[in-house]
Amino acid sequence: MKWVNHEVVTGVIVYAAVQDPLPALYSMAGAIMPDKLEGSPRGSNYWSWRSRHRGWSHWPMLYLLLLGLQLKVMGGGWDAFMDLGNIGVYFCIGALLHIAEDAVCGKVPLFTPWQKVGVKLFTVGSVTEYIFSIVVVLLCYIFQAELMIK
């Protein structure tokens, strides 16, 4: 997915789940991290970048480990780390959502960085990607409206 769609979809999903704009913002920052770690495709060697794309930086186990460590530290009751830990938690959630979003438009690592799984519902940058993003956003708003009614 394009970065703008990663940020919008992730931000809306997290906001719908927690109804707080700050965690949504933190997760939006995390939503571009897996791609940022790989560098820019506009660099000197596109094919070198392409061969690394959706590799270790898209491995969910890495972010689950970081998430678990952050929750462990936060569970220790260190007030000074609570706010920073909260940012880290949502940052990891954003990265995990990025990986899930990439899994619907290609393959991403699952249990190992080398074994990739996924489906290709659309091509990155296509009209279908934007329609998919709009549908996810609308479903989140419908879900949110249903919760408010009850």
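Just so it is clear, none of the values below were taken in a lab; they were calculated from the coordinates. Note that the structure is a prediction, hence the values are computed from the model and not measured. Virtual Cβ from ideal backbone geometry, glycine too; neighbours counted across all protein chains shown.
Remarks
- Computed E for TRP3/LEU64 - FRET, C-beta separation, R0 22 angstrom, nearest 0.05: 0.45
- Amide H contacts of LYS116 (H built 1.01 Å from N, under 5 Å, at least 5 apart or other chain): none
- Of the DSSP H helices in the chain, those whose Cα atoms cover at least 27 Å axially and whose Kyte score averages -1.0 or more: 79-102, 127-149
- Potential extension, ALA100-GLN115 segment - 0.36 nm per residue separation minus Cα distance: 3.9 nm
- Protection proxy ranking, highest mean first, for peptides 93-106, 115-128: 93-106, 115-128, where packing is the per-residue count of other beta-carbon atoms within 10 Å, averaged.
- Remark on CYS105: its backbone amide H falls under 5 Å from those of VAL119, LEU121, a criterion applied only to residues 5 or more positions apart or on other chains, H modelled at 1.01 Å from N.
- Among TRP3, ALA31, LEU110 - extreme Cα towards positive end, dipole of the chain, charges at beta-carbon: LEU110
- Selection among ILE99, GLY85, VAL124 by position relative to the dipole of the chain gives VAL124 as farthest towards the positive end (Cβ unit charges, Cα centre).
- Stokes-Einstein translational diffusion, the stretch 3-149 - Kirkwood Rh over all Cα pairs, 1.002 mPa s, 20 °C, in µm²/s: 132 µm²/s
- Two-site FRET efficiency, HIS53 against ASN86, from Cβ-Cβ distance with R₀ of 30 Å, rounded to 0.05: 0.50
- Cα-projected label distance for VAL127 with LEU139, points at 7 Å along beta-carbon direction, nm: 2.2 nm
- Pairs of Lys residues in the chain, spaced 8 or more positions apart or belonging to different chains, with C-alpha separations under 24 angstrom: 9 in total.
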